[in-house]
Structure formats: structure tokens, C-alpha cells
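The values are calculated or read from the model by the stated rules, or taken from the named source; none is laboratory data. Note that the structure is a prediction, hence the values are computed from the model and not measured. FYI the Cβ positions are ideal-geometry reconstructions off the backbone, even for glycines, and counts take in every protein chain you see. Accessible surface areas use protein heavy atoms only, side chains included; no ligands, DNA or RNA. Shrake-Rupley method; radii C 1.70, N 1.55, O 1.52, S 1.80 Å.
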Amino acid sequence: MTAPRDGIGAPGGEAVLVRLRGVTKHFDVSPPLLARLLEGRRRQVLKAVDGLDLDVARGRTTALVGESGCGKSTVARLLVTLYRPTAGDMIFEGVDIGRLRDRRALAPLRRRMQMIFQDPFASLNPRWRVGRIIAEPIRAHGLLDDPAAIRRRVAELLEHVGLRAADAERFPHEFSGGQRQRISIARGLASSPHFLVCDEPTSALDVSVQAQILNLLRDLQRDLGLTYLVISHDLAVVRFMADTIGVMYLGRLCEVAPADLLFARPRHPYTRLLMETVPDLRRPDRDRQPLAGEVPSPLDPPPGCAFHTRCPLADDRCRQERPGLRDDGAGQVACHAVEEGRLPAWRGAGMPGG
Amino acid sequence: MAGQPLLTVRDLVVEFPTRRGALRVVDGVSLDIAPGEVLGVVGESGAGKSQTGAAIIGLLEPPGRIAGGAVHLEGQRLDTLSGEQWRRVRGRRIGAVFQDPLTSLNPLYTVGRQLTETIRTHLDMTEAQARARARALLGEVGIPAAGERLDAYPHQFSGGMRQRVVIALALCANPRLIIADEPTTALDVSIQAQITALLKRLCRDHGTAVMLITHDMGVIAETADRVAVMYAGRLVETGPVDAVVNRPLHPYTEGLMACIPTMHDRPPRLAQIEGAMPAPRAMPPGCAFHPRCPLAMEPCVSMRPPMVARPPSAAACWVRAPEPEPVS
Ligand SMILES: Nc1ncnc2c1ncn2[C@@H]1O[C@H](COP(=O)(O)OP(=O)(O)OP(=O)(O)O)[C@@H](O)[C@H]1O
Ligand SMILES: Nc1ncnc2c1ncn2[C@@H]1O[C@H](COP(=O)(O)OP(=O)(O)OP(=O)(O)O)[C@@H](O)[C@H]1O
Ligand code: SF4
Ligand SMILES: [Mg+2]
Ligand SMILES: [Mg+2]
């Protein structure tokens with residue numbers, strides 16, 4: 001690719017591209033004022049993300065996993081400045097992007113980070129030809145003016161994602177779901193970003209198409225030195241993509257570890273529950289006993305460790321005192337049982353008796 | 001398969017008439033389900049899984065219609081039933097569970113009222129008897145404190161609990177067959193595990209048969225007894241789950257199984273099936289998979305392969321399941 005690779009976020013800088021510290025996002029979900037006055041109902045705040053500390057390593061893939069509603073997409077939207085944090089620091093190459101008020105100061109940063117969305121059907125303008133869709137970020141950021149140069153760049157991007165230059169003339173509805181996701185990736189790459197936030201990039205796609213897209217994302221990372229934050233609820237997808245994994249539960253990280261280590265030896269009881277409940281094609285457990293317990297409401301999270309209502313190791317301390325994320329060299333875990341050394345050995349998901 | 005099949009589908013064809021001619025979205029599907037059996041139906045998006053399920057339960061969206069073939073449930077022909085006759089079969093002998101529980105629940109009525117009304121539509125019971133049965137059903141699908149929950153509204157339940165209420169509704173009249181179309185796709189893994197365990201328990205304890213339509217091969221591997229693989233409106237392979245997953249015959253099934261990532265390792269690349277499934281309007285001649293098939297030969301491009309038994313499975317592939325020489 002001939003696009004410039006200099007500037008903020010370029011490969012070869014500091015090892016950490018984005019540093020999140022205490023990042024918090026609260027949503028006001030109070031009932032309407034009238035209901036509060038007449039029915040005496042209270043203001044309500046939903047803590048979608050609550051004090052998140054995470055380092056996103058340059059040129060690598062960091063993944064977030066966790067159940068629906070745990071705050072993954074909110075983190076993604078905070079990172080690409082679609083949301084402003086309620087509190088905390090988000091340092092992208094020395095700049096706190098959460099505090100930048102000035103749109104002009106944000107513009108060059110936004111060009112460096114792009115988001116790939118889950119639904120390739122909803123995120124492409126159906127009335128625009130593919131060429132115009134892909135060129136839009138180039139025009140918006142004023143990267144190229146000459147129409148011929150823009151056309152060349154669009155052709156180059158299309159070929160990079162495995163489509164043909166001639167596809168620029170067609171409309172989104174003429175493409176399959178996988179091809180549409182390729183188009184949105186081409187659009188995401190148009191402004192030469194260094195950081196791609198991929199929120200469930202394949203969950204709307206068939207597994208056969210998913211394999212094409214995941215391979216493409218890894219090829220692009222290798223060729224362009226991109227940094228990824230990948231969000232998925234699918235542990236197998238995360239296993240294939242990620243170098244580092246953060247497991248989220250009710251707005252907080254409960255475990256962060258290098259991917260190999262996390263899969264070999266998960267430590268947080270919630271990480272273990274996740275790994276034990278994912279049905280596995282290669283090692284099916286046909287007598288699986290589902291674990292009881294509903295996910296608690298994020299509006300009313302349990303005190304102490306948020307996981308204690310479902311945790312087999314919970315004791316009085318867990319019910320009262322919130323465990324912090326502790327780094328012990330093998331990764332970070334927020335669990336009293338781990339700290340107290342009363343965590344049983346891990347025998348592996350899908351293993352007999354495991 | 002031992003014993004009589006509960007459901008038999010023969011050469012089912014579903015078409016949508018359009019100005020440019022009929023769109024054939026299910027093209028000659030034949031399958032059987034035995035009592036107490038879970039048949040998993042898998043395949044690419046748009047392969048015709050939902051249309052097959054909808055045709056069996058008489059819920060094709062007009063102008064979609066059954067244009068050929070026959071469907072029998074315990075010997076009774078279903079595809080020729082009138083709307084009035086269907087009302088006595090659907091809900092009574094076949095139940096349905098769809099992806100979004102909210103489409104099956106009325107937000108204005110309590111869960112208990114919806115259950116008792118459905119029960120009394122199909123079974124000759126007093127209000128009190130129906131309410132007792134509703135409570136038992138909620139308990140059976142794993143809703144704690146079922147007695148108190150009867151008076152709750154759907155929005156007071158979590159997503160997984162709502163889906164369990166829908167299953168309870170489908171069970172009201174002890175149906176022989178449940179068609180479950182992506183019943184766990186919108187749910188988290190922990191809740192998904194509860195729903196699939198529940199479906200399996202129904203099959204074991206009540207001999208209910210389940211047609212489980214899903215994209216999730218992990219769910220299939222843990223839940224289904226047999227699997228039917230669809231591609232471009234056609235059945236390409238059927239067989240016991242272990243054989244289809246681990247020793248697939250059809251090249252599409254093989255490609256599908258190989259491209260699924262697993263938690264247990266991190267290969268440098270995933271296997272890929274190049275290209276995309278053809279739309280109903282652009283069906284290639286011969287085997288519908290031939291433009292993407294690494295094994296395609298001369299007959300594949302011109303002649304449609306028949307389903308041929310290769311025990312324990314059966315497949316439609318000129319290379320992997322060539323027709324046996326006629327013995328005479
Ligand atoms: N704009 C908003 N207003 C109010 N609440 C919100 C808003 N966006 C998200 N939430 C709430 O914040 C919590 C976290 O949502 P988020 O979308 O980040 O979850 P997620 O982990 O991405 O879930 P999923 O896997 O379902 O996509 C949820 O409880 C959600 O309902
Ligand atoms: N109302 C309709 N009119 C015309 N074609 C339709 C209609 N509904 C569905 N189809 C077509 O029928 C074919 C089969 O659709 P079906 O919904 O059965 O697929 P599926 O295998 O269930 O896919 P998915 O996994 O995405 O649910 C598709 O090509 C679809 O476009
Ligand atoms: S802190 Fe306690 S409740 Fe929380 S995960 Fe650890 S053992 Fe379980
Ligand atoms: Mg999300
Ligand atoms: Mg479907």
C-alpha cells in the first residue's frame with residue numbers, strides 16, 4: 001500500500017498504543033421526570049463501564065470477551081470517541097482523547113482509528129455505489145483531492161480486501177454478507193488508520209464467511225502493522241485473533257492475560273465458567289450440566305464481587321468486599337479466591353470431569 | 001433408524017411466485033425424525049433451513065407455498081391441511097420456538113394467562129387445572145418460584161427466562177414435535193446451555209422429537225442426534241452427528257467443519273471455502289456447490305447428484321457418494 005504510514009499511532013512507536021485508566025461510562029436511565037415526581041421513582045444510573053484499566057499493545061490484537069451487556073461495545077465506542085467517558089483517562093499516544101473538546105483537535109486522531117461494526121447490512125449506505133462509500137473517509141479527512149488519485153486508492157483498497165477494482169461501480173445490495181463486510185473493512189482502512197476497533201466483526205456472518213474475514217483481518221495486520229481491539233462473545237474467534245484478552249463482567253474487567261496463558265490456565269471463576277459452558281465442536285460434552293444463575297441486572301449489580309451470586313467459590317468476603325484487579329506476573333485477576341490461594345487447579349474445558 | 005419415524009418429509013419444494021417466475025427456495029428436501037430424536041439442521045444463511053421448518057409447521061409467509069412433495073406426522077398428511085384443520089394440529093401436536101421470544105409472547109398479558117389460555121385451547125381442562133399445569137410447566141423449564149412468576153409480565157423476565165416461557169408455551173399440549181428455529185442464537189452461552197439441556201430432557205423424558213435449526217455447530221455437536229446439512233435450498237448430507245462432524249462426506253460439509261475456529265489451538269490461518277452460496281435466482285446447473293468445490297468433475301457441472309446412502313450417512317455428491325452400480 002502506498003498510503004502514508006507516519007504520524008500518530010504509527011508502527012514503531014511506544015509499545016502501548018492506548019492506555020485506559022479508570023475509564024468509566026455511566027448512562028442516566030432514570031424514568032421520565034413526571035414519573036419520578038408522581039410515582040416517587042428515583043434517578044437511576046447504569047454503570048455500563050466502571051473503572052476499566054487496560055493497555056492496548058501496538059501492532060497486536062487485544063480482545064474483550066464477556067456476556068451480553070457487560071459493556072464491551074461501550075468500551076469500543078469510548079475508544080473511537082463516539083462516547084465521552086464519565087471519568088478516567090484514555091491516553092492515545094500521549095493525548096487524552098476523552099478530554100479533547102475541540103473537534104478540530106480530534107479530527108487527526110479519528111483518522112487514525114476506525115471502527116468495523118457488526119452488521120455490514122446496516123452500516124453501508126444502500127444508495128451509494130461502493131466506490132463512493134469507500135472514498136467517503138478520504139474526502140471527509142481531505143486526504144486526497146484529485147478524483148483520479150481517489151479512484152486509484154479505492155481500487156487499491158478493494159483489491160486489498162479481496163474484491164475487484166470494478167466492484168467500485170456496484171451497489172451494496174449486489175454483494176453477499178461477507179463481501180459487504182469486506183467493503184466496510186476497505187472503508188475502515190481508507191484513512192490509513194493504525195488502530196481498528198472491530199465490534200463483533202463476524203457475528204452477523206456464516207461460519208464459512210467468518211473464516212474468510214478473520215483470515216483477512218490477520219493478513220492486514222501482518223502487512224500493515226495494524227493494532228486491533230477485537231470484541232466478540234465467541235471464545236473461539238477470540239482464540240484465533242487475540243494476543244491479549246480481557247474478560248469483562250458487569251462493566252468491569254475480571255481477568256486480563258496473554259491469550260495462550262488465559263486458555264491454558266484461566267483463573268477467574270467467571271473466565272472458567274465461560275470456557276466450560278461454550279459448546280465445542282471438537283470436544284462436545286453431551287451430558288453438559290448447565291450452571292444455574294442468571295446474569296445480574298447492571299442497574300443493580302451485587303455488592304462485593306459482582307460475580308459472587310454465581311460463583312462456586314464465593315465466601316463472606318466476596319459478598320462484601322470488591323476484589324481489585326491484581327497483577328501477579330502471570331496476568332491480572334480480580335478475585336479473592338485467587339489472592340488467597342484457594343482456587344482449585346484447572347483441568348481444562350471439555351476434559352472428562354473438567 | 002429403529003421404529004417408525006414420527007415426521008417424514010418427502011421431496012419438499014417451497015416456492016415464492018414472483019413476476020420473474022417462481023423462486024425455488026427449498027428444492028426437493030427429504031428427511032425423517034424419529035420419536036425422541038433431535039435432528040439438527042445446519043447450513044449457510046439463506047440455505048432454506050427456516051423455510052423448510054416453516055413449511056413443515058404450515059407457517060410459510062404468503063406468497064410462499066409448498067409447490068411439491070409431502071409432509072406426514074404420525075401418518076397424517078400435513079401439507080394439504082386447511083387453515084382450520086391446522087389449528088387443531090399446530091400447538092397441539094407440533095410446537096414452535098423461534099429466535100426472538102418476544103414475537104411469541106403478548107406483552108400485555110401475564111405469563112400465566114398466556115399459558116392457561118393456550119392449555120385450554122388444546123386440552124379439556126378447567127381454569128384451575130390449567131393453572132396448575134401452567135405452574136408445573138414453568139417449573140419444568142427451570143423457572144424458579146414458578147407459582148409466583150405466573151402473575152408476572154414478559155418484560156419482567158430476562159431474555160433466557162422469556163425463551164424458557166416460550167418453550168413452556170410450545171409444550172402446553174404435549175406436542176410430539178418441536179420445531180426450534182435458532183432458539184438460542186440471541187442468548188448468552190450460560191443461558192444457551194440451559195435451553196439446550198432442557199430440549200434434550202424433553203426428548204428423553206417425553207419422547208418429544210425436536211428439529212433444531214441453528215448456525216452454531218457447537219450446539220449441534222452437543223445436542224443433535226442426527227444432522228441435516230443444507231446448501232442452496234437442497235439437502236447435501238445427513239447422518240449421525242459424530243459422523244457428519246468428524247467424517248463428513250460432502251465437500252461442503254467438510255469445508256464447513258474445517259473453517260470453524262476452536263478454543264483449543266491457534267492455527268496461522270483458518271481453512272476457507274472460497275466464494276459465496278448462489279442466490280435462488282442464480283442457481284448453477286448440476287451440483288449447486290460445484291462452482292466452489294475443490295473436487296468438481298465433469299458430471300458435477302451438468303447433472304444434479306442424488307442423495308446416496310453411504311452408511312452411516314447419506315450425501316448428494318458425484319465424487320464422495322457416487323451412485324452404486326445397479327445389482328441385477
Ligand atoms: N446509550 C445507552 N443508554 C443507556 N444504556 C446503555 C446505552 N448503551 C449501552 N447501555 C447499557 O450499557 C450496558 C452495556 O452495554 P454494551 O452495549 O456495552 O454491552 P455489550 O457487552 O456490547 O453487549 P452485547 O454483547 O449484547 O453487544 C448494557 O446494560 C446496556 O443496556
Ligand atoms: N418472503 C420471501 N420472498 C422471497 N424469498 C424469500 C422470502 N423469505 C425467504 N426467502 C428466500 O428463501 C431462501 C431461504 O431462506 P431461509 O430463511 O429459509 O434461509 P435460512 O437457511 O433459514 O437462513 P438463515 O440462516 O439466514 O436464517 C433465501 O434465499 C431467502 O432469501
Ligand atoms: S472474588 Fe469470590 S465471588 Fe468473586 S470470583 Fe473470586 S471467589 Fe468468586
Ligand atoms: Mg455489543
Ligand atoms: Mg433462518
Compute the accessible area per residue over the protein assembly as shown, keeping the other protein chains in place, probe 1.4 Å, unit Å². 43
Phi-based couplings in Hz for the range B:93-110 (Karplus 6.51, -1.76, 1.60; Gly and Pro marked x): 10, 10, x, 10, 10, 10, 4, 9, x, 5, 6, 9, 10, 8, x, 8, 10, 5
Between the residues A:P120, A:V230, A:V18, the Cα farthest towards the positive end of the dipole of chain A, that dipole coming from +1 and -1 charges on the beta-carbon of Lys, Arg, Asp and Glu, is from A:P120
What does the average come to when, for each residue of peptide A:270-279, you count the partner chain Cβ atoms lying within 10 Å of its Cβ? 4
Positive dipole terminus of the range A:271-330, leading residue within A:L273, A:Q289, A:G324 (C-beta point charges): A:Q289
Which whole-percent values make up P(r) of chain A when all C-alpha to C-alpha distances are grouped in 20 Å steps starting at zero? 27, 54, 18, 0
Given the whole protein assembly as supplied and a 1.4 Å probe, what does the accessible area of A:V16 come to in Å², nearest 10? 30
Keeping all protein chains in place and using 1.4 angstrom, which order do A:D28, A:D328 fall into by accessible surface area, from largest down? A:D28, A:D328
Within a 10 angstrom radius of each residue's Cβ in B:253-260, how many Cβ atoms of other chains show up on average? Whole number is fine. 4
Note on chain A: contact order normalised by length, alpha-carbon pairs under 8 Å, 6 or more apart, percent, works out to 19
Rounded tilt (10° steps) of B:159-171 against the dominant C-alpha axis of chain B: 90
How much accessible surface does A:W346 have with a 1.4 Å probe, in Å² rounded to 10? 50
Derived scalar couplings ³J(HN,Hα) [the range A:338-346; Karplus, 6.51 cos²θ - 1.76 cosθ + 1.60; whole Hz; x for Gly, Pro]: 5, 4, 7, x, 10, 8, x, 5, 9
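Can you show me the helix-derived [θ] at 222 nm for chain A, built from DSSP H runs with n ≥ 4 at -39,500 (n - 2.57) apiece and divided by the number of residues, rounded to the nearest 500.
Computed ellipticity for chain A at 222 nm equals -9000 deg cm²/dmol.
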Placing +1 at every Lys and Arg Cβ and -1 at every Asp and Glu Cβ, with all other atoms neutral, what dipole size does chain A have around its Cα centre, in debye to the nearest 20? 760
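What percent does the relative contact order of chain B come to when contacts are Cα pairs within less than 8 Å and at least six residues apart? Let's see the in-between values first.
Details: 610 pairs, mean separation 64.4, N = 328.
The normalised contact order for chain B reaches 20 percent.
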Treat the range B:201-328 as a sphere of radius equal to its Kirkwood radius over Cα pairs and apply Stokes-Einstein at 25 °C in a medium of 0.890 mPa s; give the translational diffusion coefficient in µm²/s, rounded to a whole number. 152
Rounded to the nearest 20 debye, dipole of the range B:188-328 from Cβ charges on Lys, Arg, Asp, Glu: 160
Per residue, the convex hull enclosing the alpha carbons of the range B:104-192 has a volume in Å³ of 95
To the nearest whole number, what is the average tally of beta carbon atoms from other chains within 10 Å of the beta carbons of peptide B:180-191? 4
So if I take the centroid of the Cα atoms in the range B:83-138 and the same for the range A:281-300, what is the distance between those two points in Å? 27
In a shell of Cβ-Cβ distance under 11 Å around B:R292, excluding B:R292 itself, what net charge do Lys and Arg (+1) and Asp and Glu (-1) give? -2
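Where Rh is the Kirkwood radius over the Cα pairs of the protein assembly as shown, the temperature 10 °C and the viscosity 1.306 mPa s, what D in µm²/s does Stokes-Einstein return?
In µm²/s, the coefficient is 58.
Please report, in debye to the nearest 20, how large the charge dipole of the protein assembly as shown is about its Cα centre when each Lys and Arg carries +1 at its beta carbon and each Asp and Glu carries -1 there.
Computed about the Cα centre, the dipole is about 1260 debye.
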Loop trypsin sites (Lys or Arg not before Pro), the range B:4-63 (other Cβ atoms within 10 Å of the site Cβ: 13 or fewer; DSSP): B:R19, B:R20
When Lys and Arg each count +1 and Asp and Glu each count -1, what net charge do the other residues less than 10 Å away from B:R93, Cβ to Cβ, add up to? +3
Percentage relative contact order, the range A:123-192, counting C-alpha pairs under 8 Å, at least six apart: 47
All other residues with a Cβ under 14 Å from the Cβ of A:D55 taken together, and with Lys, Arg as +1 and Asp, Glu as -1, what is their net charge? -2
Given the convex hull over the Cα atoms of the range A:238-347, what projected area results after averaging over all orientations, in nm²? 7.5
Along each of its three principal axes, how wide is the spread of alpha-carbon positions in chain B, in whole angstrom units, largest first? 67, 50, 44
Could you state the number of Å between the C-alpha centres of the range B:258-328 and the range A:241-266? 38
Pull up all non-local amide H partners of A:A57: gap of 5 or more, or a different chain, and H-to-H distance under 5 Å with H placed in the peptide plane. A:L17
List the residues, sorted by chain then number, that are 5 or more residues from B:V38 or on another chain and whose placed amide H is less than 5 Å from its amide H. B:V210, B:D225, B:R226
If B:H215, B:H122 are ordered by their accessible area, calculated over protein heavy atoms with a 1.4 Å probe, which sequence runs from highest to lowest? B:H215, B:H122
From the C-alpha gyration tensor of the range A:1-135, pull out the three semi-axes of the equivalent ellipsoid (sqrt of 5λ each), sorted largest to smallest, in whole Å. 32, 21, 15
Aspartates and glutamates whose Cα lies under 13 Å from that of A:K72, excluding same-chain neighbours fewer than 8 positions away: A:D50, A:D199, A:E200, A:D234
Kindly provide log₁₀ I(q)/I(0) values, in the same order as q = 0.12, 0.15, 0.26 Å⁻¹, from the Debye equation applied to equal alpha-carbon scatterers of the range A:123-192. -0.25, -0.39, -1.21
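Ranking request for peptides A:97-103, A:260-266: highest mean number of other beta-carbon atoms within 10 Å first, then the rest in descending order.
A:260-266, A:97-103
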